[in-house]
1. Answer with yes or no whether Val210 is under 21 Å from the mean Cα position of the chain (by Cα) and either over 19 Å from Gly124 (Cβ atoms) or surrounded by 15 or more Cβ atoms within 10 Å (Cβ to Cβ) (or both).
2. Of the residues that sit in region 31-81 and are polar (S, T, N, Q) and surrounded by fewer than 16 Cβ atoms within 10 Å (Cβ to Cβ), which one is nearest to ligand 1 (Cβ to nearest atom)?
3. Which condition from (1) more than 16 Å from ligand 2 (Cβ to nearest atom); (2) part of a loop (DSSP other than H, G, I, E, B); (3) closer than 26 Å to Ile75 by Cβ is the one that Asp203 breaks?
4. If you scan region 87-124, which residues turn out to be in contact with a strand residue (DSSP E or B) (Cβ under 7 Å, 6 or more places away or on another chain) and modelled with pLDDT of 85 or more?
5. Hey, among Ile165, Ile193, which residue is out of contact with any Asp or Glu (no Cβ under 6 Å at 6 or more places or on another chain) and either closer than 18 Å to Glu54 by Cβ or within 16 Å of ligand 2 (Cβ to nearest atom) (or both)?
6. Go over the candidates Glu189, Glu155, Glu159 one by one and state the one that is within 16 Å of ligand 1 (Cβ to nearest atom) and surrounded by fewer than 15 Cβ atoms within 10 Å (Cβ to Cβ).
Amino acid sequence: MNVIVKRSERRIKDRDDIKVVDSALDNRTAQAAIEVMRKLKLRKVFGSIASGKESRLYPAVDGEGKFYALKIYYISAAASKRSAAKYVAGDPRFEGIEIGNTKELVYVWAKKEFKNLIRMAGAGVRVPQPYMVFRNVLAMEFLGEGPRRSPLLREVPREEIDENIYIKLLEQLEIMVTKARLIHGDLSEYNVIIHEGEPYIIDVGQAVTVEHRNAEELLRRDLSNINNFFEKLGMRTVDVNETVKELINKAERGISA
Ligand SMILES: Nc1ncnc2c1ncn2[C@@H]1O[C@H](COP(=O)(O)OP(=O)(O)OP(=O)(O)O)[C@@H](O)[C@H]1O
Ligand SMILES: [Mg+2]
């Protein structure tokens with residue numbers, strides 16, 4: 001009895017600790033974050049360093065000083081429900097999944113990002129190393145130094161961006177499409193982090209397989225976004241239609257980069 005009381009008290013204390021980091025977290029989400037902290041032996045979670053439409057990003061550190069990124073999805077985001085439903089539908093990996101409410105859909109969404117990260121990392125795409133997902137909390141490698149994150153491509157000073165970055169990014173795109181057989185679906189200068197001189201692809205929750213009915217259209221948009229960014233800096237870029245056709249062909253014939 002005593003032990004049980006102590007345990008539940010402890011749990012409430014942990015939850016309050018994490019709520020100090022972000023008081024906007026609901027109880028269930030705080031509990032999920034604590035579970036992840038336990039599993040990965042994280043010592044401390046820092047205040048969020050980025051909040052997007054669908055999630056917030058928290059740096060965390062373990063006892064050995066290694067940093068992690070916790071991406072916590074908002075349970076209530078109506079926008080995420082809409083976009084998640086759109087992308088989960090048509091993906092054979094999520095066929096037959098009953099999605100009753102927003103909470104479950106957000107869990108599926110977090111799991112989808114985790115799976116996409118695993119698949120990309122396994123194929124050799126430069127993405128943050130995925131560690132675990134529990135409910136709406138995804139833990140991955142922190143791209144940065146200490147709690148300071150590395151810059152998005154969008155944030156890198158113009159004079160530091162050269163053709164090399166573009167070429168490296170195209171290489172990542174090729175590996176993603178031909179080896180991981182995934183299309184990002186939301187690729188742009190906002191979803192690429194320049195870390196230790198290399199482009200890393202992030203925010204892969206919406207990625208779909210090359211078999212998806214919209215794969216080609218999504219790939220065309222991804223490449224156009226990237227091209228537009230580099231063209232504005234006065235750089236020459238590859239032909240979108242030609243490159244997309246080539247990549248899809250390679251993926252279909254099972255030829256990898
Ligand atoms: N592994 C990571 N290491 C360091 N920073 C990261 C990492 N992943 C994401 N970030 C930061 O968190 C921000 C949000 O992450 P992400 O793009 O995955 O989420 P999002 O909710 O889709 O955001 P948005 O709606 O703004 O696109 C990124 O713009 C980046 O600044
Ligand atoms: Mg993003």
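The values are calculated or read from the model by the stated rules, or taken from the named source; none is laboratory data. On a predicted model such as this, the values are computed, not experimentally measured, just so you know. All Cβ positions, even for glycine, are placed from backbone atoms using ideal geometry, and neighbour counts span all protein chains on display.
1. Yes; evaluated as a whole, the condition is true for this residue.
2. Ser51
3. Failed condition: (1).
4. Val106, Trp109, Ala110, Lys111, Glu113, Phe114, Asn116, Leu117, Ile118, Arg119, Met120, Ala121
5. Ile193
6. Checking each option against the conditions leaves just Glu155.
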